[in-house]
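Laboratory data are not the source of any read-out in this text; all were calculated from the coordinates shown. Since the structure is predicted, the reported quantities are computational estimates derived from the model, not experimental observations. Heads up, the Cβs are rebuilt from the backbone with ideal geometry, glycines too, and the neighbour counts pull from every protein chain shown.
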Amino acid sequence: MTMPVRQALRDDLKKALKERDKTATATIRSALAAIANAEAVPVPDDSQALPLGTVGLSSDVERRALDPEDVREILRAEAAERRTALAEYQRAGQQAMAERMRAELQVLARYVEPEEGRPS
């Protein structure tokens, strides 16, 4: 894929919104949120931290830069979560939710190359 994955996700989100594709929209939004969360800088866990909304202080913090492989790894993790959920829904006999996970996996498959050794 010549286009960066994140840009492809954004472009496909616009397309999914225009087409009113609820599954693709929700899945792509979830993936973009996971990427944004990974970029967040961890908050130090010390008692010297200032409370939120402190007047006169900037809350702008430089975010972590993710390389394309980091983004793909996040998307692989998103797909793995859905594969796990799919298996659990199937085991519980919840076919509607299993179908939803299958559809979300198909959306994510557009952005993640197939894992080696994993049956398609």
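Given R₀ = 25 Å, FRET efficiency for residue 15-residue 102 by Cβ-Cβ distance, to 0.05? The pair residue 15/residue 102 has a calculated efficiency of 0.75. Going from the residue with the fewest nearby Cβ atoms within 10 Å to the one with the most, 84, 25 rank 84, 25.
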